[in-house]
Every structure is written in C-alpha cells, then in structure tokens.
Ligand SMILES: C[S@@+](CC[C@H](N)C(=O)[O-])C[C@H]1O[C@@H](n2cnc3c(N)ncnc32)[C@H](O)[C@@H]1O
C-alpha cells in the first residue's frame, strides 16, 4: 500500500482517509471478508464535542456505488460482505450492491436493549445485509440472523456498534488469520473484534478523531470488556407466545 498506516500492529492496519482513495491501493482478490457500517444517508447529527456535527457522507449518496465496487474488487473470488444500511434509503444500497454484482444471501436484525423515542414506532433494531461475491462456502451450522446486543458502554462514536455482536459475526463467518476489511471503521469496533479473535484486518476512516479513538482502543493491552447480551426475555420485543394469546376481558359489571 502506498499510503502510510495511521496505526499498524500484529496484522491490524488502520488508514486515515477516504475509502474511495485508499481501497484502490489494496491488491485485487486479496481479502476474506468485509464487515462494514457505512453512513446510513439520514443526515444524522452526532454529538461530537457538543458541535452536533453530521457524520461525513451521511447526506451524499455518491460514495455508495464506488465504495462497494472497490470492496467487490478487493474481496477474494468467493467471499462475503456484511453491510449495515439505513432503511429509509434501502433502495440506494440494494441498487448499488446489485449493480456491483453482490447477491443478497441473508438479512440480519441487531436488537438493541435501548429504544429511541420514535415517531411512528420506537426504533429498537438495526439491519444489515449479508452479500455474496460469487459462491462463498456456507457456514455450518448456519448462524441465527438475529444479533442480540448488550449495548455499548460510554459511546466512543455516535454510531458505535456493540463489540459482542460484531465479534459474533466475525467468529461465524471467518477463520483465524483471515483478513477482514472495514472501509467505514468509525471507532474501530470491527478492528478490535478482529484483533481479539486472532484475525487480520484493514480499517479505513475519514475522520482523524475517529482514527485516534481506534488507535487508542487497539493500543490497550487488555481486551475490552464485552458485556453479555441480556436474556431474550428481557428484550421487550414482540413475543408470539405472549402477544398472540387471546386476551380475556373482565366481565362487564
Ligand atoms: C456509521 S459510522 C461507523 C461506526 C462504527 N461501526 C463503530 O462501531 O464505531 C461510519 C463512519 O464512516 C466514516 N466515513 C464516511 N465516509 C467515509 C469515506 N468516504 N471513507 C472512509 N470513512 C468514511 C464516518 O466518518 C463514520 O465514522
């Protein structure tokens, strides 16, 4: 790679810059798995330094096609890419993925313990597609498409993903020493999970403050504490056994 890494240690490399410029430096067909959480295209204003800055790329969809075309190129011939996406703009992501050649092979829900205040509903989940480049081998046994999140501690990034859920995806879809790429690395959750699980990884992040956070997380000698997910009954999600039972009203007086 021509660019100098912002951080590099024991198979984990982080590059500071625009993934559309850094990914072209990666050798074609060299990486095993992509796991990414790109901007959702919802003009989300995070609360960094109380400035309420918008996440870069969150209002401009022009990066979607070029970034995923590069991801396709750098993945091995038969490989998987898991990408979170913003549901209000699902058609933009699906169009770009299919144009590139990616084939949706599964869809994941990440359940969160905390709910937003909501408008038409209170949001308690995020979604991701599992996309195939050609014909990757299937994991055996096939893992659940529901990820239960234990939440994150004091957030390091306004869109930080829970380390436990990202670790589960990496352990289900990759092997030790595989190389994972995350071109929208944020606070580096994918890189930390990869490091903890003995995988190699390449991360790219356009915001220098996020690169600093990631480098700090990766430099810590001790692994981050991963909270266990709550038991499913503690998640207030629809429970068919409970919610479909006929209700008995008290008799009218
Ligand atoms: C949704 S956040 C990722 C959060 C991450 N999953 C975590 O756990 O911290 C998306 C990140 O992509 C970065 N980004 C946006 N456009 C980019 C680009 N063209 N190249 C590299 N990074 C970009 C943003 O700065 C933001 O930090």
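Structure notes:
- Cα Rg, Dmax, segment 41-173, angstrom units: 15.9, 46
- Order of 73, 10, 200 under a 10 Å beta carbon neighbour criterion, fewest first: 10, 73, 200
- Counting only Cα atoms, the size of segment 7-243 along its three principal axes is 51, 42, 37 Å, in decreasing order.
- Scaled to the globular estimate 2.2 N^0.38 Å, the Cα spread of segment 56-132, given as radius of gyration, is 1.22.
- Gap separating the Cα centres of segment 158-208 and segment 50-90, nearest whole Å: 15 Å
Bear in mind these aren't lab numbers, they're just calculated from the coordinates by the rules spelled out. Just so it is clear, the model here is predicted, and its values are computed rather than measured. Cβ: placed from backbone, ideal geometry, glycine included. Neighbour counts: every protein chain shown.
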